[in-house]
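Single-structure report; data block below.
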Amino acid sequence: IRPGEVVRDYLNGKTIPYTNPFRYAVLGVAISAFIFLGLKLWEIQTEGVIATYRQYGLVDSVEEEVRMRKIFSYVYKFMNVLPLLLLPFTAFSSRMFFGKKKMNYAEYFIVNAYLLGQSTLYGIPTFVFFYFLPHLVNTPLPFVLTILVAGILYGQIFKVLSENNFWSALGLGIATYIVGYLFFIIFSMIVGVFIGIGFAIVMKSTL
């Protein structure tokens with residue numbers, strides 16, 4: 001109800017009344033993933049993406065479709081981990097937008113851990129919404145709602161932690177999440193390229 005006060009208290013050493021933010025993040029992600037998968041929204045999303053790829057000719061054979069399904073099955077195994085991988089990047093971008101003088105990186109990391117746990121729980125009602133309107137799962141709406149929830153939480157938290165008013169913190173929060181997400185995507189692509197190069201080298205040496 002009062003996330004800003006909780007985070008302020010935790011950073012000021014009043015930790016006993018509150019759940020550890022990292023444990024809270026893990027718990028929130030686990031509950032969120034359980035409900036998301038339980039409502040079969042992952043399957044709906046997978047079918048929608050494949051259908052879109054077919055429509056634009058990006059998947060034009062049975063073999064390519066099978067390969068895509070294998071990729072989705074692989075990602076499925078890490079549903080509880082992927083949101084946590086965002087933390088270092090949103091912590092960095094929030095320090096970039098909200099200022100280095102206000103808090104250090106470790107404190108921003110704590111803020112973003114708490115924010116992740118809170119936002120995943122806030123997002124659960126949207127799963128029910130998409131369950132009854134599954135055709136909206138593969139639109140930009142889920143990402144827009146995620147950004148909005150994160151922005152509102154940043155607004156509530158940084159209104160208490162800094163001199164930013166709610167609307168200023170809301171705008172900065174939305175920018176923080178988007179930039180942090182882009183950092184994560186770029187990092188993932190770079191890692192993917194290196195893994196692909198390494199795999200190609202190994203395959204070439206075995207041949």
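Can you tell which of 147, 186, 31 shows the greatest fluctuation in a Gaussian network model of the chain with Cα springs below 10 Å?
Looking only at 147, 186, 31, the largest GNM fluctuation is found for 186.
When the helix-only estimate is applied to the chain (DSSP H runs of n ≥ 4, each -39,500 (n - 2.57), divided by the residue count), what is the mean residue ellipticity at 222 nm, nearest 500 deg cm²/dmol?
Rounded to the nearest 500, the figure is -26000 deg cm²/dmol.
For Cα pairs less than 8 Å apart in space and 6+ apart in sequence, what is the mean separation divided by the residue count of the chain, i.e. the relative contact order in percent?
It comes to 29 percent, rounded to a whole number.
When the chain is fully extended, how far beyond the present Cα-Cα distance does residue 84 get from residue 133, taking 0.36 nm per residue of separation?
So the chain would gain 14.9 nm between residue 84 and residue 133.
Applying the Karplus parametrisation 6.51 cos²θ - 1.76 cosθ + 1.60 with θ = phi - 60° to the phi angles of region 168-184, what ³J(HN,Hα) value in whole Hz is obtained for each residue in order, glycine and proline being reported as x?
5, 5, 4, x, 5, x, 4, 4, 4, 5, 5, 5, x, 5, 5, 4, 5
With a 10 Å cut-off between alpha carbons and a GNM built on the chain, which of 187, 130, 98 moves the most?
Answer for the Gaussian network model of the chain: 187.
Step through the residues of region 64-78 one at a time and calculate ³J(HN,Hα) from phi using the Karplus curve (6.51 cos²θ - 1.76 cosθ + 1.60, θ = phi - 60°), rounding each to whole Hz and writing x for Gly and Pro.
Running phi through 6.51 cos²θ - 1.76 cosθ + 1.60 with θ = phi - 60° gives 5, 5, 4, 5, 5, 5, 5, 5, 5, 5, 5, 5, 3, 5, 10 Hz.
Compare 159, 77, 102 in a GNM of the chain, Cα atoms joined below 10 Å, and give the one with the largest fluctuation.
The residue with the greatest mean-square fluctuation here is 77.
To make sure I understand the rule: partners must be aspartates and glutamates, Cα under 17 Å from the Cα of residue 70, and not fewer than 8 residues away in the same chain. Which ones qualify?
43, 47, 60
Would you work out which of 98, 78, 124 lies farthest towards the positive end of the dipole of region 58-207, given +1 charges on the beta-carbon of Lys and Arg and -1 on that of Asp and Glu, about the Cα centre?
Final value for the positive-end residue is 98.
What translational D, rounded to a whole number of µm²/s, comes out for the chain from Stokes-Einstein when the hydrodynamic radius is the Kirkwood one over Cα pairs, at 20 °C and 1.002 mPa s?
This corresponds to a translational diffusion coefficient of 114 µm²/s.
I'd like the Karplus ³J(HN,Hα) series for region 108-115: coefficients 6.51, -1.76, 1.60, θ = phi - 60°, whole numbers in Hz, and an x wherever there's a Gly or Pro.
Once rounded to whole Hz, the list reads 5, 5, 4, 4, 6, 5, 5, 4.
Pulled fully out, how much extra length does the chain show between residue 65 and residue 19, if you take 0.36 nm times their separation in residues and subtract their Cα-Cα distance?
Residue separation times 0.36 nm, minus the Cα-Cα distance, leaves 12.2 nm.
When the label point is put 7 Å from the Cα of residue 76 along its Cα-to-beta-carbon vector, which residues of region 1-43 have a backbone N closer than 17 Å?
Taking a point 7 Å out along Cα→Cβ of residue 76, the residues of region 1-43 whose backbone N falls under 17 Å are 33-43.
Could you give the length gained on full extension between residue 56 and residue 8, defined as 0.36 nm per residue of separation minus the Cα-Cα distance, in nm?
So the chain would gain 12.4 nm between residue 56 and residue 8.
Please list, ordered by chain and number, the residues whose modelled amide H lies under 5 Å from the amide H of residue 138; skip anything fewer than 5 residues away on the same chain.
Residues meeting the amide H criterion: none.
Since every read-out is calculated from the coordinates, none of them should be taken as a lab result. Quick caveat, the model's predicted, so the values are computed rather than measured. Neighbour counts run over all protein chains shown; Cβ positions are idealised from the backbone, glycine included.
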